[in-house]
1. Just name the residue that is nearest to the chain's Cα centre (by Cα) out of those in the stretch 138-152 that are surrounded by fewer than 23 Cβ atoms within 10 Å (Cβ to Cβ) and modelled with pLDDT of 95 or more.
2. Inspect the stretch 193-213 for any residue being without any contact (Cβ under 8 Å) to a residue 40 or more places away in the chain, crowded, with 24+ Cβ neighbours inside 10 Å and more than 24 Å from Glu342 (Cβ to Cβ) and give the result as yes or no.
3. Has the stretch 201-209 got any residue that is in contact with a Ser or Thr (Cβ under 7 Å, 6 or more places away or on another chain) and within 16 Å of the ligand (Cβ to nearest atom)?
4. Give the residues of the stretch 210-237 that are under 19 Å from Met173 (Cβ atoms) and more than 14 Å from the ligand (Cβ to nearest atom), sorted by residue number.
5. Can you pull out every residue in the stretch 1-22 that is of a type in the set (Ser, Thr, Tyr), part of a helix (DSSP H, G or I) and surrounded by 17 or more Cβ atoms within 10 Å (Cβ to Cβ)?
6. Spot the failing condition for Leu45; the list is (1) touching a Pro at 6+ places or on another chain (Cβ under 9 Å); (2) surrounded by 18 or more Cβ atoms within 10 Å (Cβ to Cβ); (3) among the hydrophobic types (A, V, I, L, M, F, W, C), and only one is missed.
7. Kindly indicate which of Gly92, Gly88, Gly64, Gly27 is modelled with pLDDT of 95 or more, assigned by TED's automatic domain parsing to the domain that holds Ala204, surrounded by fewer than 22 Cβ atoms within 10 Å (Cβ to Cβ) and out of contact with any Gly (no Cβ under 9 Å at 6 or more places or on another chain).
8. Go through Tyr167, Tyr157 for me and flag whichever is within 16 Å of the ligand (Cβ to nearest atom) and in the same structural domain as Lys98 (by TED's automatic domain parsing).
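The values are calculated or read from the model by the stated rules, or taken from the named source; none is laboratory data. Keep in mind that what you see is a predicted model, and the values were worked out from it rather than measured. Cβ sites come from the backbone with ideal geometry, for glycine too, and all protein chains shown count toward neighbours.
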Amino acid sequence: MNQKQTPLYDALLQYTDRQIYSLHVPGHKDGLTFFHRAQPRFQSLLQIDATEIEGLDDYYHATGVIAEAQALLADLYGTVKSYFLVNGTTVGNLAMVKAALRPGDRVLVQRDSHKSIFNALKLMDLRPVFLASEIDPDTGLAPGPSKETVAAAIRRYPDAKALILTYPNYYGMANKDMAEIIKFAKQKGLIVLVDEAHGAHFIAGKPFPESTLKMGADLVVQSAHKTLPAMTMGSYLHINTERVLPEAVEAALEMLQTSSPSYPIMASLDLARAYLAAMDDEAVSAIADRIAAFKEQLSDIPGIAIASSRVHGQDPLKIVLRGPEPGFSLQERLIKAGLYPEMADPFYVLFILPLDDRAPFERILQAMRQAFAGMSGEKTAAFKANGLSLRSDAPIGELAVGFREMDVLDKETVPLSAALDRVAAETIIPYPPGVPVLLNGERVTAQHLEAIARWRTAGAKFHGLDAEAAEATLTVYKL
Ligand SMILES: Cc1ncc(COP(=O)(O)O)c(C=O)c1O
């Protein structure tokens, strides 16, 4: 297929040319009716903020320009069928789980999944078995479960229908075992679903890690808006299998998404696909070289180092930076200098670079040098010393109560010291690696409590636990 084509975007241009006046939604009338002061800024985008009128196709029953644009997407990624999503990978995760599974099914799920995966499990009333991620000893980050953990879980739960994994992690780390895991799980008859939110650009080839689409994952969701030049909320869902029918995916998408899909978002997905398709080896090398040079110059700033794993793959577009101060304070310095990182944790700040060699790297470096000037002290050893000892969770574990039960049970708050053997009614996540120590619905073990204590001593920040309080508490179910 001709990947230079952009059928959806072109149809919108024709629409803007032909239309005398909008007699349909949206109410801004192609931008003519709008809050005056903001009109100049919004105008050009509002002109293509159309709706499903003649010539612009029907998103849920696409046969025209949306179908053509999605066929180009499937052609580029080499899939059976691919879809534009207008509510991010969040809805993609919900939809793929709904399409592939039935209520009550047993599923093997990476424990440190995005909350949309947890919501999908709950929505579908599935019976999850959680698989703990390894902790990379060099960085303390969690790339996903090992092949040994996955194999053991498949042996222990032969009734499991699917394996749900995240790849790469937020920091761009790509599990070295992923290809083997997918192959093995498929051999054993499991459907493999992958949240590849941060890997939409991986099909551009080396030096990017390999996409799980190439490894044979059955359904894959990618946030085009995270690493491709697409608008926020724009994602792709790919069917890479005969085992899940397009009708099932389409029914789930229609149920979970808006009935008024955003044309600017969809057009940006069409254009992001064409942008990626135009990226030949030479363009990819130019980007990789530019980033490598940028990283080298960044590492020359006194006190600054770039975290990397000797074991797992790393997406060059993600830079995980550490220094003599906690990640949060490095982030504060950067913001004062006019640079907003993607995120910070107690150890690192994370930058996401563009799929483009024309980023103003010199200007960025100049601002960073200024931000980090005068920092002194040892580069933080991060998790080198204590990474593996902070591993808190059993490699394979089930919930003590089902999702439906959770909704009706009463809760109470108890001191953490009195929580042993109770069932947690909240999830506790220390950062990094952002891996839950304790999941909502899990029975609290001595191992959990020891791990939480170790994290607190290490000065970790938590979601779901007031670590600063004199006596930490935990919300539990009254059983
Ligand atoms: C691993 C992962 N999955 C899913 C999501 C949700 O993606 P979206 O923002 O496209 O809905 C995110 C967002 O941060 C994510 O990091």
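1. So, considering only residues that are surrounded by fewer than 23 Cβ atoms within 10 Å (Cβ to Cβ) and modelled with pLDDT of 95 or more, the one nearest to the chain's Cα centre (by Cα) is Ser146.
2. No, every residue in the stretch 193-213 fails to be without any contact (Cβ under 8 Å) to a residue 40 or more places away in the chain, crowded, with 24+ Cβ neighbours inside 10 Å and more than 24 Å from Glu342 (Cβ to Cβ).
3. Step one: list which residues in the stretch 201-209 are in contact with a Ser or Thr (Cβ under 7 Å, 6 or more places away or on another chain), which gives 201-203.
Of the ones still in play, those that are also within 16 Å of the ligand (Cβ to nearest atom) are 201-202.
Checked against the condition, which is being in contact with a Ser or Thr (Cβ under 7 Å, 6 or more places away or on another chain) and within 16 Å of the ligand (Cβ to nearest atom), the stretch 201-209 yields at least one hit.
4. Scanning the stretch 210-237 gives Glu210, Ser211, Leu213, Lys214, Met215, Ala217.
5. Listed by number, the residues that qualify are Tyr9, Tyr15.
6. (2)
7. Numbers: Gly92 fails: surrounded by fewer than 22 Cβ atoms within 10 Å (Cβ to Cβ); Gly88 fails: out of contact with any Gly (no Cβ under 9 Å at 6 or more places or on another chain); Gly64 fails: out of contact with any Gly (no Cβ under 9 Å at 6 or more places or on another chain).
After ruling out the rest, the residue left standing is Gly27.
8. Exactly one of Tyr167, Tyr157 is within 16 Å of the ligand (Cβ to nearest atom) and in the same structural domain as Lys98 (by TED's automatic domain parsing), namely Tyr167.
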